[in-house]
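Take a look at the structure below.
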Amino acid sequence: MNCLECGGNYIEKSGTYELIDPYVGKIIIEGVTYYQCDKCKDILYSESIAQAIESERNKRIHEILSQFPISDFVNATETASILGISRQALHKNRRINHGFIYQTKFSGLTVYLKQSVQKYKKTGDGRFPLQLQGFKLSSEYVKDTIPIRISSNYESYPRAIKSPSPFTKVNYVGPKEYNYAN
């Protein structure tokens, strides 16, 4: 098969295919067969490989978005308000449904990354490189008995215990001392 770009020949290759995605970084798909031009290095791959790449990209986006604090997200009503459209228009918008605004689900509710919504309003594309945000996929646990993930990007600030009266002194405690059952 001849390359349409340079006229070279496509050579069948098998094994691991590595791709650098501009938004989530390196994607590695193992055990695939693809064709690469011997001159310009253009690559052709099947629909199943394209679906595997898209699946891996979506999985990686979800993993990275789960590292953001919930306060960085807005619901559909707030998103529609920021964009100046109705909720129905938001849910029917093909560009938004195809990932031009980063979105994820928390407890069955679709939420949108506020930074992405604001960028979409300005430029029409709310995507930006997530791997450069400093979020690591590994999480640290405060204590074995407390199942709360702390992102390594954020400092842990002391959390105030709710005071019964506005006239009493507020006690500040660190995350290891706070009772998360409240």
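No lab work stands behind these numbers, since they all come straight from the coordinates. Model, not experiment: these values are computed from the prediction. Cβ coordinates were reconstructed from backbone atoms using ideal geometry, including for glycine residues, and neighbour counts include every protein chain displayed.
Quick notes
- For F128, F106, F100, F68, the sequence from fewest to most other C-beta atoms within 10 Å is F106, F128, F100, F68.
- Of the cross-linked pairs K26/K105; K41/K121; K59/K114; K59/K121, those separated by over 30 Å at the C-alpha level are K41/K121.
- Charge sum, other residues only, whose C-beta stays under 14 Å from H98's C-beta, Lys/Arg counted +1 and Asp/Glu -1: +3
- Taking amide H atoms as placed 1.01 Å from N in the peptide plane, the amide H of D21 lies under 5 Å from those of K26, I27, each 5 or more residues away in sequence or on another chain.
- Stokes-Einstein D in µm²/s, Kirkwood radius over Cα pairs - the range 1-104 at 4 °C with 1.567 mPa s viscosity: 78
- Sparse packing (at most 15 other Cβ atoms within 10 Å of the Cβ) combined with a DSSP loop state is found for the following trypsin sites (Lys or Arg not before Pro) in the range 17-60: K39, K41.
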